[in-house]
Amino acid sequence: MSVESKQLVPGLAGIPAAESSVSYIDGQAGILEYRGIRIEVLAEHSNFEETAWLLMYGKLPTSKELSDFRQRLRRSRELPKGMIDILRAMPKNGHPMDALQAGVAALGMFEPRFEFGDEKGFEHAWIRLLAATPCIVAAFDRLRAGKEPLAPDPELDTAANFLWQLTGKKPDDSATHVLDCALVLHADHEMNASTFAARVVFGTEADPYTSCSAGVGALTGPLHGGANERVLESLESIGSLADVDAWAAARFAEGGKIMGFGHRVYKVKDPRSHALQKLGAKMFAKLGNTPIYDVALRLEKIVTERLGGKGIYPNVDFFSGILYQKLEIAKDQFTPVFAIARTAGWLAHLHEQMQDNKLYRPGQIYTGGHELPYTPIEKRG
Ligand code: ACO
């Protein structure tokens with residue numbers, strides 16, 4: 001069925017683009033569920049690998065299913081030498097999200113050709129992308145620092161192995177737990193911009209690697225996943241607790257947006273932001289407080305007093321960077337960490353879409369002219 005509409009909805013705000021059972025948001029109540037389970041419950045009881053399975057299959061795995069899945073992930077991490085050569089050839093000062101977008105697309109070139117609709121082929125790509133994406137992020141980070149990429153450790157789960165391949169240090173349980181929970185909290189978010197981008201590309205029957213690469217591209221921008229890096233830049237530029245009020249006043253005066261606040265769907269504080277704060281509180285109690293967290297809390301108070309009436313509260317990107325900084329992850333790697341998690345969501349959406357795919361091809365409201373003359377170049381003003 002095709003619907004002719006002459007009413008433009010900027011940014012397609014609130015327009016359904018698919019029927020989906022992957023995740024659910026109540027933006028007024030501040031609720032996010034994956035396959036019907038609240039994210040707070042998953043953050044407390046589950047882990048990223050189990051959550052990725054849940055998102056894909058719509059149910060929690062049995063212990064055999066989970067252990068088989070984990071084994072397959074561990075066997076699918078190694079990057080081919082050609083991938084390392086591609087990452088090595090990239091400019092060292094380039095942004096890691098650009099390296100990741102190109103890297104994810106390139107990974108598909110080393111894999112069997114994907115036939116749209118082939119369940120086995122999709123499952124292969126799902127495992128490969130979940131397993132290899134963190135390795136691409138870690139490998140580029142080391143190569144740009146003049147170090148060689150490290151081999152994955154089959155004893156470690158996704159979060160711990162990523163920290164190992166990134167830093168060269170075996171992470172302790174509490175660091176692994178913080179990252180693992182953050183990955184759970186970022187794993188899906190219904191029809192967000194990057195999921196929509198991945199769905200649009202997959203809708204042309206492109207392969208899952210190309211489609212996830214499109215997702216990475218959309219996640220890069222500061223209005224979406226790129227905000228987490230910008231938040232920390234803002235907090236660092238504020239400097240100390242004593243400077244927060246003046247910084248915020250100047251920002252309000254110039255009418256600019258404050259990164260890490262506001263959301264298209266949530267009109268209350270993002271539930272992921274609450275959960276990340278809870279996680280941070282435990283981490284700071286163990287590893288020591290960080291002054292930038294106090295700056296963030298003060299900024300939250302000022303911004304929500306001023307803009308809360310417009311439904312502007314902290315979103316997922318407001319606190320995540322503070323946690324990642326404590327894990328010694330570089331600022332420009334915050335959005336790639338987001339992408340590692342969201343790969344699980346993108347792929348669950350693509351798999352759902354593959355069952356009944358329809359090419360995305362919206363309409364437009366044309367505002368140009370008609371039947372205009374062609375003026376020869378010598379007669380143009
Ligand atoms: N700071 C100050 N004002 C804001 C902010 C903000 N962070 N966000 C929205 N507003 C204001 C706008 O200026 C606008 O005001 P006006 O009506 O007086 O002109 C009003 O709120 C609506 O803003 P829009 O940008 O039109 O609303 P939209 O639904 O498109 O915004 C968005 C969602 C893009 C996330 C926005 O809140 C924003 O730019 N936030 C900052 C960037 C950010 O943190 N992005 C991460 C989002 S979470 C994620 O994608 C993972």
| Any residue in segment 319-333 that is within 16 Å of the ligand (Cβ to nearest atom), touching a His at 6+ places or on another chain (Cβ under 8 Å), farther than 23 Å from residue 232 by Cβ and among the small types (Gly, Ala, Ser)? | no
| query | So how many residues does segment 294-303 have that are free of Cβ contacts under 8 Å to residues at least 24 places away in the same chain and more than 15 Å from the ligand (Cβ to nearest atom)? | reply | 1
| query | Scanning segment 250-273 for residues that are more than 6 Å from the ligand (Cβ to nearest atom) and under 20 Å from the mean Cα position of the chain (by Cα), which turns out nearest to residue 184 (Cα to Cα)? | reply | 272
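Of all residues in segment 76-92 being among the basic types (Lys, Arg) and outside any helix (DSSP H, G or I), which is surrounded by the most Cβ atoms within 10 Å (Cβ to Cβ)? So that I can check it myself, show each step before the final result.
Taking segment 76-92 as the starting set, the residues that turn out to be among the basic types (Lys, Arg) are 77, 81, 88, 92.
If we keep only those that are outside any helix (DSSP H, G or I) as well, we get 77, 92.
Details: 77: 22, 92: 11.
Once the filter is applied, the top-ranked residue is 77.
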| task | Could you list, in sequence order, all residues of segment 228-250 that are out of contact with any Leu (no Cβ under 8 Å at 6 or more places or on another chain) and β-branched (Val, Ile, Thr)? | result | 231
| On the given criteria, is residue 299 buried (at least 20 other Cβ atoms within 10 Å of the Cβ), aliphatic (A, V, I, L, M) and within 19 Å of the chain's Cα centre (by Cα)? | no
| request: Considering (1) more than 30 Å from residue 114 (Cβ to Cβ); (2) within 14 Å of the ligand (Cβ to nearest atom), say which one residue 291 fails and leave the rest. | output: (2)
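Out of all the residues in segment 309-324, which are over 19 Å from residue 189 (Cα atoms) and under 25 Å from the mean Cα position of the chain (by Cα)?
So in segment 309-324, the residues over 19 Å from residue 189 (Cα atoms) come out as 309-310, 322-324.
Within segment 309-324, 322, 323, 324 meet the criteria.
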| request: Filter segment 50-86 down to residues that are within 21 Å of residue 153 (Cα to Cα) and among the small types (Gly, Ala, Ser), then give me how many there are. | output: 4
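Tell me whether segment 343-353 contains one or more residues that are at pLDDT 95 or above and in contact with a strand residue (DSSP E or B) (Cβ under 8 Å, 6 or more places away or on another chain). Lay out the reasoning, then the answer.
From segment 343-353, those at pLDDT 95 or above are 343-353; that's our starting set.
Narrowing further to those that are in contact with a strand residue (DSSP E or B) (Cβ under 8 Å, 6 or more places away or on another chain): 345.
Yes, segment 343-353 contains a residue that is at pLDDT 95 or above and in contact with a strand residue (DSSP E or B) (Cβ under 8 Å, 6 or more places away or on another chain).
What are the residues in segment 305-317 that are of a type outside the set (Phe, Trp, Tyr) and touching a residue at least 24 places away in the same chain (Cβ under 8 Å), if any?
Taking segment 305-317 first, the residues of a type outside the set (Phe, Trp, Tyr) are 305-312, 314-317.
Residues satisfying the conditions are 306, 307, 311, 312, 314, 315, 316, 317.
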| task | Identify all residues within segment 162-191 that are surrounded by fewer than 22 Cβ atoms within 10 Å (Cβ to Cβ), within 16 Å of the ligand (Cβ to nearest atom) and on the phi < 0 side of the Ramachandran plot; write none if there are none. | result | 191
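Go through segment 93-122 residue by residue and tally those that are closer than 20 Å to residue 203 by Cβ and not in a loop (DSSP other than H, G, I, E, B). Reasoning before the result, please.
The first filter runs over segment 93-122 and keeps only residues closer than 20 Å to residue 203 by Cβ, leaving 101, 104-105, 108, 113-119, 121-122.
Those still in the list that are not in a loop (DSSP other than H, G, I, E, B) too: 101, 104-105, 108, 119, 121-122.
The total comes to 7.
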| said: For segment 88-107, give me each residue that is over 22 Å from residue 211 (Cα atoms) and touching a helix residue (DSSP H, G or I) at 6+ places or on another chain (Cβ under 7 Å). | reply: 88, 92
| message | Can you tell me how many residues within segment 219-241 are surrounded by 24 or more Cβ atoms within 10 Å (Cβ to Cβ) and more than 12 Å from residue 318 (Cα to Cα)? | response | 1
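The values are calculated or read from the model by the stated rules, or taken from the named source; none is laboratory data. Since the model is a prediction, treat every value here as computed from it, not as a measurement. Glycine gets a Cβ as well: all are built from the backbone with ideal geometry, and neighbour counts include every protein chain shown.
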